[in-house]
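Undergrad: Questions regarding the structure given below will be posed in turn.
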Amino acid sequence: MSELHVISTDHASQVLTWDLAIDSVRKALESVASKDALLFPVQIMHGTAETDLFAVKAGVERQQRLVGFKFGGYWPGNTQSGLPPHSSSTVLLDGDTGYPRALISGRILNLYRTAAADAVAVGCLARQDAHVLGVIGGGHQAEFEIRAIAHVRKLSLIKIFTRSRERGEWITRQLADLGIETRLTDAEGAVRGSDFVV
């Protein structure tokens with residue numbers, strides 16, 4: 001039986017890059033479109049409290065004999081303990097035996113994966129000269145969405161709508177290293193005149 005590899009959030013953070021994430025997501029989407037990969041229906045369940053939710057997403061990639069599933073949870077009460085309400089992990093199985101080969105902390109992986117899908121869409125669908133990004137929301141995922149798009153397009157302006165001024169100021173600070181003008185606005189302002197909207 002093969003050894004089980006455990007990939008921590010710290011290790012994933014050290015090896016993940018935007019190029020790796022975007023290329024991997026592009027290949028995954030192409031594999032699904034060509035029927036080399038198959039995605040199974042998402043299963044959504046709850047914990048001991050019905051407000052505590054978790055979901056399982058699974059699939060196979062036939063050419064590389066990859067089998068795996070991601071389980072993600074949303075425990076809203078975690079915030080009272082100083083923990084993030086969202087959690088995510090990925091399990092990869094041996095394609096021949098079904099035994100687990102890897103357990104991967106999905107916290108950073110999920111942020112990159114979701115944002116990389118946006119970057120793939122922008123790369124395929126947006127005009128080459130598109131440079132104004134509108135964003136609805138200012139959470140952790142929004143930061144990654146913006147960084148992914150900034151990786152594939154030269155942005156001149158990022159317009160962000162958030163539900164609170166405090167959250168808007170937080171995400172503006174998070175994005176300061178990009179050196180791109182960031183403007184807080186209302187929802188209409190984030191959309192109107194933008195080349196693409198997330």
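The values are calculated or read from the model by the stated rules, or taken from the named source; none is laboratory data. Just so we're clear, the structure is a prediction, and the values are computed from it rather than from any experiment. No Cβ is skipped: glycine too gets one built from the backbone with ideal geometry, and neighbour counts run over all protein chains shown. Just the protein is used for accessible areas: all its heavy atoms, side chains included, with ligands, DNA and RNA removed. Shrake-Rupley method; radii C 1.70, N 1.55, O 1.52, S 1.80 Å.
Undergrad: Within segment 1-37, which residues are of a type in the set (Lys, Arg) and either in contact (Cβ under 8 Å) with a residue 40 or more places away in the chain or over 15 Å from residue 113 (Cα atoms) (or both)? Break it down stepwise before answering.
TA: Of segment 1-37, the ones of a type in the set (Lys, Arg) are 26-27, 35.
Across segment 1-37, the qualifying residues are 26, 35.
Undergrad: Please go through segment 99-113 and pick out each residue that is β-branched (Val, Ile, Thr) and in contact with a helix residue (DSSP H, G or I) (Cβ under 6 Å, 6 or more places away or on another chain). I'd like the intermediate steps shown before the answer.
TA: Kept after step one, since they are β-branched (Val, Ile, Thr), are these residues of segment 99-113: 104, 108.
Within segment 99-113, just 108 meets the criteria.
Undergrad: Show the residue pairs meeting these rules: Cβ distance below 8 Å; 6+ apart or different chains; first residue within segment 84-99 and free of Cβ contacts under 8 Å to residues at least 12 places away in the same chain; second residue open to solvent by 30 Å² or more (accessible area, probe 1.4 Å).
TA: 85/74; 85/75; 85/76; 85/77; 85/78; 85/79
Undergrad: While we're on this one: If you check residue 188 against the conditions, is it in a helix (DSSP H, G or I), free of Cβ contacts under 8 Å to residues at least 24 places away in the same chain and either open to solvent by 50 Å² or more (accessible area, probe 1.4 Å) or touching an Asp or Glu at 6+ places or on another chain (Cβ under 6 Å) (or both)?
TA: Considered against the rule, which asks whether it is in a helix (DSSP H, G or I), free of Cβ contacts under 8 Å to residues at least 24 places away in the same chain and either open to solvent by 50 Å² or more (accessible area, probe 1.4 Å) or touching an Asp or Glu at 6+ places or on another chain (Cβ under 6 Å) (or both), residue 188 comes out as yes.
Undergrad: Looking at segment 35-55, which of its residues are open to solvent by less than 40 Å² (accessible area, probe 1.4 Å) and either aliphatic (A, V, I, L, M) or in a strand (DSSP E or B) (or both)?
TA: Taking segment 35-55 and keeping what is open to solvent by less than 40 Å² (accessible area, probe 1.4 Å), we get 37, 47, 49, 52, 55.
Scanning segment 35-55 gives 37, 49, 55.
Undergrad: For residues that are of a type in the set (S, T, N, Q) and part of a loop (DSSP other than H, G, I, E, B), scanning just segment 56-88, find the one that is farthest from residue 12 (Cα to Cα).
TA: Across segment 56-88, the extreme among qualifying residues is 63.
Undergrad: Give the residue that is nearest to the chain's Cα centre (by Cα), with candidates limited to residues of segment 61-70 that are open to solvent by 40 Å² or more (accessible area, probe 1.4 Å) and under 17 Å from residue 102 (Cβ atoms).
TA: The initial filter retains those residues of segment 61-70 that are open to solvent by 40 Å² or more (accessible area, probe 1.4 Å), namely 62-67, 69.
Pick out the ones that are also under 17 Å from residue 102 (Cβ atoms) and you get 64-67, 69.
Values: 64: 23, 65: 24, 66: 20, 67: 20, 69: 15 Å.
Ranking the candidates gives 69 first.
Undergrad: Quick check on segment 11-25. Is at least one of its residues open to solvent by less than 60 Å² (accessible area, probe 1.4 Å), among the β-branched types (Val, Ile, Thr) and either farther than 26 Å from residue 150 by Cβ or assigned to a strand (DSSP E or B) (or both)?
TA: no
Undergrad: Here is a further query. Can you tell me which residues in segment 154-198 are farther than 15 Å from residue 143 by Cβ, at pLDDT 95 or above, out of contact with any His (no Cβ under 7 Å at 6 or more places or on another chain) and hydroxyl-bearing (Ser, Thr, Tyr)?
TA: Result: 185, 194.
Undergrad: Would you confirm, using the coordinates I've provided, whether residue 91 is modelled with pLDDT of 95 or more, outside any helix (DSSP H, G or I), under 18 Å from residue 24 (Cα atoms) and not aromatic (Phe, Trp, Tyr)?
TA: Working: modelled with pLDDT of 95 or more: yes; outside any helix (DSSP H, G or I): yes; under 18 Å from residue 24 (Cα atoms): yes; not aromatic (Phe, Trp, Tyr): yes.
In short, yes.
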